[in-house]
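The values are calculated or read from the model by the stated rules, or taken from the named source; none is laboratory data. Since this is a predicted model, take the numbers as computed values, not measurements. No Cβ is skipped: glycine too gets one built from the backbone with ideal geometry, and neighbour counts run over all protein chains shown. These accessible areas exclude ligands, DNA and RNA; they are computed on the full protein's heavy atoms, side chains included. Shrake-Rupley method; radii C 1.70, N 1.55, O 1.52, S 1.80 Å.
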Amino acid sequence: MNITYNSPILLIQGIDIPHRFIYPAFALVLVAYLIILTTNLGVMLLILMDRSLQQPMYLLFFSLSFNDVLGNTVVLPRMMLDIVSNNPSISYSSCVSQAFFSQTYGVSCHTVMMIMAFDRYVAICHPLRYTSIMSPTMVAKLTVSAWSTSLAVTSIPLGLAVRLTRCRSIILNAYCDIASLFKLSCQDLSINYITGLTCNIIINGLSIGSMAFTYFRILVSCVSKKNKELNRKAMQTCASHLVLYLIMFCSGNLVIILHRLQIHNGYRTLAALLFLIIPANMNPIIYAIQTKELRTKIVQILHSKVTQLQ
């Protein structure tokens, strides 16, 4: 018999870690989070403070770093608290907020990567028209559309989730997401799962389609051009972007699949950490190394700091 629970407090299943590994696990997640904050906030501040970096490509880097900080800040500090807590719990309103922002982060990973791929496509395939196509107005429109899409795709399934009556009070996950909110209810969840699946198919379809189109056109452009040095740089940039995209795409969809198959929480947590930590750590490092202007600014700042210490 279904029983309705209206308790404002939910228990979190958390991560099943042997007692002797609790503090090493806490320290590992903390170090990863601090690296994410340092590198991504550093890139964001550098772009904001240096007018020469306020160009389309770097403004898109800013969106990517902002999204990485958002997603990891929503999940990791709370997860670290739960690791060392004997009885991890969270208020229902906080759980809904965490689900909203973590889902927004996941969708924005796709939408921001899509507009970054378009930027690379224009820069490589239409270099003479790059300035006119990727104008400040166009960059603003692309950024607003990316974030608006993320908010809309997140709001629809979350709105359906909060309308459900609850018959359980345990989040069967290491953190709150929309799928975990679904599982708090004993109602028929067919509409919820169909809506969620539809949103996932649309985002994944647009993501794969846009990436396939832009990289196919880039490949054709590189093959047709005779300048080997320019082609090498273009392919190197695109290869790193594609690797980061594949890591994000595979780990993100693995979390969804493991939810659907009711696989053990530990595997879902591992996939979620991979989805959160790996791209967020690699993005600023790879783009800083491969982007000459950004790399030069970072080297100049580090050199000035060393000089001051001496």
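Order of 246-258, 84-96, 53-65 by packing, highest average Cβ count within 10 Å first?
Top of the packing list down: 53-65, 246-258, 84-96.
Could you pull out every residue, at least 5 positions away or on a different chain, whose amide H is within less than 5 Å of the one on L10? Hs are placed 1.01 Å off N in the peptide plane, and Pro or chain starts have none.
Under 5 Å from the amide H of L10 lie the amide H atoms of I90, S91, Y92, each far enough along the sequence or on another chain.
As a test of reading the structure, rank F118, F182 by solvent-accessible area (1.4 Å probe, protein chains only), most first.
F118, F182
Within the chain, how many lysine pairs that are 8 or more places apart, or on different chains, have C-alpha atoms less than 26 Å apart?
8
Mean 1/r over all different Cα pairs, inverted: what Kirkwood radius does region 1-145 give, in Å?
It works out to 18.1 Å.
Debye calculation, C-alpha points only, no solvent: report log10 I(q)/I(0) for the chain at q = 0.08, 0.14 Å⁻¹, in the same order as the q values.
The Debye formula, applied to the Cα set alone, gives -0.41, -1.10.
Would you compute the Debye intensity of region 116-195 from its alpha-carbon atoms alone, equal scatterers and no solvent, and pass along log10 I(q)/I(0) at q = 0.17 Å⁻¹ to two decimals?
Per q value, in the given order, log10 I(q)/I(0) is -0.72.
Highest mean first, what order results for 21-29, 206-214 on Cβ atoms within 10 Å?
Ranked by mean Cβ neighbours within 10 Å, highest first: 206-214, 21-29.
Over all distinct Cα pairs, what is the inverse of the mean 1/r for region 116-274, reported as the Kirkwood hydrodynamic radius in Å?
18.5 Å is the Kirkwood radius here.
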